[in-house]
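As structure tokens, the structure follows; a few thoughts come after it.
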Amino acid sequence: MKKITLVLVSVFAVIFVIMSCGIAGKKSESKVQIETEFGIIKIKLYDETPLHRDNFIKLVNEGFYTDLLFHRIIQGFMIQGGDPDSKNAEPGKQLGGGDLDYTIPAEINPKFFHRKGILAAAREGDQTNPEKKSSASQFYILQGKIFRPGELDSLQLKLEESRKLNMLQMKMKVIEPELNKLGAEGKQEEMMARFNTLKEEVTAEAAKLPPVKFSEEQRKAYTTVGGYPSLDNNYTIFGEVIEGLEVIDKIAAQPTDQFNRPQKDIKFKITMIK
């Protein structure tokens, strides 16, 4: 009997360990809530963007996002916050330049696109930040606008031209010293020839890329809940609103000054949802 008892205990122990491992292996989604005077916004953070997720959670747990302001809001576009300088900022002061002393490598995932309610990281522009690295603390929640199908067709063509122009600007930056030297030496024809050659190279490269085309999922979102497709694949999206889309609309509707800062401060506090 003693041996049988030991065997049974061992079997139950193994089952318990397996069950425990199974439970532990199921990682729950990370969620946060943003408390504002207009209501609460609940957000799910994406596991596919771990650097942004973990940095955001770290700042939330440290209490960084307590009593900061939505310092920039644009109706039909987005609401932006996370500037450390916005805490106790003087009325009328232009905000948006504050940040922490580091950036986060881009985690741009084509799976995610700019539909209403996405959470994304703000960043400096391509000219100074070609790697599209994200601000450590500033973020935006997209409100966007609703598009008609025909508008999306036209936008696809514009985005292709914009992509080509961005490629040209990036390559121009590389050969800028060469062009300046030719210009200083009065070799205008050589300078124009070099520029035209560059344009041909960019056109050829752009032709090899797949055309800009919105998926059925994107089209459905942009024509129903709304979005802002021209931002797609340019900023890291790392979460989405799961409750409180109406709060975004309320905040975005508030009057602003010439800097798009709300005339009346809109404070917020972000905490983890357990």
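The values are calculated or read from the model by the stated rules, or taken from the named source; none is laboratory data. Note that the structure is a prediction, hence the values are computed from the model and not measured. Cβ coordinates were reconstructed from backbone atoms using ideal geometry, including for glycine residues, and neighbour counts include every protein chain displayed. These accessible areas exclude ligands, DNA and RNA; they are computed on the full protein's heavy atoms, side chains included. Shrake-Rupley method; radii C 1.70, N 1.55, O 1.52, S 1.80 Å.
Below are the figures for this structure:
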| read-out | value |
| --- | --- |
| Positive-pole candidate from F268, L69, S230, dipole of the chain, charges at beta carbon | F268 |
| The chain: relative contact order in percent, alpha carbon pairs under 8 Å with at least 6 residues between | 35 percent |
| Gain upon complete extension [Q258, Q156; 0.36 nm per residue less C-alpha separation] | 33.6 nm |
| Inter-probe distance in nm under a simple model that places probes 7 Å from Cα toward Cβ, at D265 and Q75 | 2.5 nm |
| Solvent-accessible heavy-atom area per residue, rounded to whole Å², over the chain at 1.4 Å | 58 Å² |
| Interchain or long-range residues, amide H under 5 Å from K116's placed H | G226, G227 |
| GNM result for the chain, Cα springs below 10 Å: residue of A253, A184, A204 fluctuating most strongly | A184 |
| Angle between the chain longest axis and helix 50-61 axis [Cα atoms, degrees, rounded to 10] | 70 degrees |
| Flagged links, alpha-carbon separation over 26 Å, of K111/K164; K158/K181; K164/K250; K44/K267; K58/K132; K31/K133 | K158/K181; K164/K250 |
| Tilt relative to the chain, helix 188-208 - C-alpha long axis, 0 to 90 degrees, to 10 | 40 degrees |
| Gaussian network model of the chain, Cα within-10 Å springs - most flexible of K250, K116, K181 | K181 |
| 5 angstrom amide H check on R72, placed H, neighbours 5+ away | Q80 |
| Cβ-defined net charge surrounding K42, 14 Å radius [Lys, Arg +1; Asp, Glu -1] | -1 |
| Within the chain, helix-based [θ] at 222 nm, where runs of 4 or more DSSP H residues each add -39,500 (n - 2.57), nearest 500 | -13500 deg cm²/dmol |
| Those aspartates and glutamates that a straight Cα-Cα span of less than 13 Å connects to K187, excepting residues fewer than 8 apart in one chain | E178 |
| Accessible carbon and sulfur surface of the range 94-191 relative to its total accessible area, %, 1.4 Å | 53 percent |
| Point-to-point label distance, I175-D54, nm (Cα→Cβ direction, 7 Å offset) | 4.2 nm |
| Gain in span if fully extended, L100 to E201, counting 0.36 nm per residue against the direct Cα distance | 32.4 nm |
